[in-house]
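Engineer: Sharing a structure with you now.
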């Protein structure tokens, strides 16, 4: 019997970042924009095995309290309500490749993509 997945003990990992879909870079301007993005703190770009390229902003939701509970739970956005626990970082079901953290990582990605 498989153990039921819950949010207990997670520390609200899904509420400590905001992820937004990105189009794969194709032009020099696209790659330059990614380098500019990665020049900022507390974010990274990754290729999600299911959704494609994403940018992750590592920032806490303003509705988290000191115990990692949502103080806006009754009025939380639909994205929060519809979040599937199978996507939780706690359970490690998502695969990210590659993870770009620095502008120099974009140069490596550009070389790799141009070889395709």
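The values are calculated or read from the model by the stated rules, or taken from the named source; none is laboratory data. Predicted model, so just to flag it, every value in this text is computed and none were measured. Every residue, glycine among them, receives a Cβ derived from its backbone with ideal geometry; neighbour counts consider all protein chains shown.
Engineer: Can you say whether residue 84 is out of contact with any strand residue (DSSP E or B) (no Cβ under 6 Å at 6 or more places or on another chain), over 19 Å from residue 21 (Cα atoms) and at pLDDT 80 or above, as far as the supplied structure shows?
Structural biologist: no
Engineer: For segment 11-38, enumerate the residues that are in a loop (DSSP other than H, G, I, E, B) and closer than 24 Å to residue 115 by Cβ.
Structural biologist: 22, 23, 24, 25, 26, 27, 38
Engineer: Moving on to the next point. Check segment 9-25 and report whether any residue there is farther than 20 Å from residue 88 by Cα and free of Cβ contacts under 8 Å to residues at least 24 places away in the same chain. Show your work before the answer.
Structural biologist: Filtering segment 9-25 down to residues farther than 20 Å from residue 88 by Cα leaves 22-25.
Subsequent filtering for residues that are free of Cβ contacts under 8 Å to residues at least 24 places away in the same chain retains none.
No, segment 9-25 contains no residue that is farther than 20 Å from residue 88 by Cα and free of Cβ contacts under 8 Å to residues at least 24 places away in the same chain.
Engineer: List the number of the failed condition for residue 41; all other conditions in (1) in a loop (DSSP other than H, G, I, E, B); (2) surrounded by 14 or more Cβ atoms within 10 Å (Cβ to Cβ); (3) at pLDDT 95 or above hold.
Structural biologist: Here residue 41 clears every test but (2).
Engineer: (1) out of contact with any helix residue (DSSP H, G or I) (no Cβ under 6 Å at 6 or more places or on another chain); (2) closer than 29 Å to residue 39 by Cβ: which one isn't true of residue 88, the others all being true?
Structural biologist: Tallying (1) out of contact with any helix residue (DSSP H, G or I) (no Cβ under 6 Å at 6 or more places or on another chain); (2) closer than 29 Å to residue 39 by Cβ, residue 88 fails exactly one: (2).
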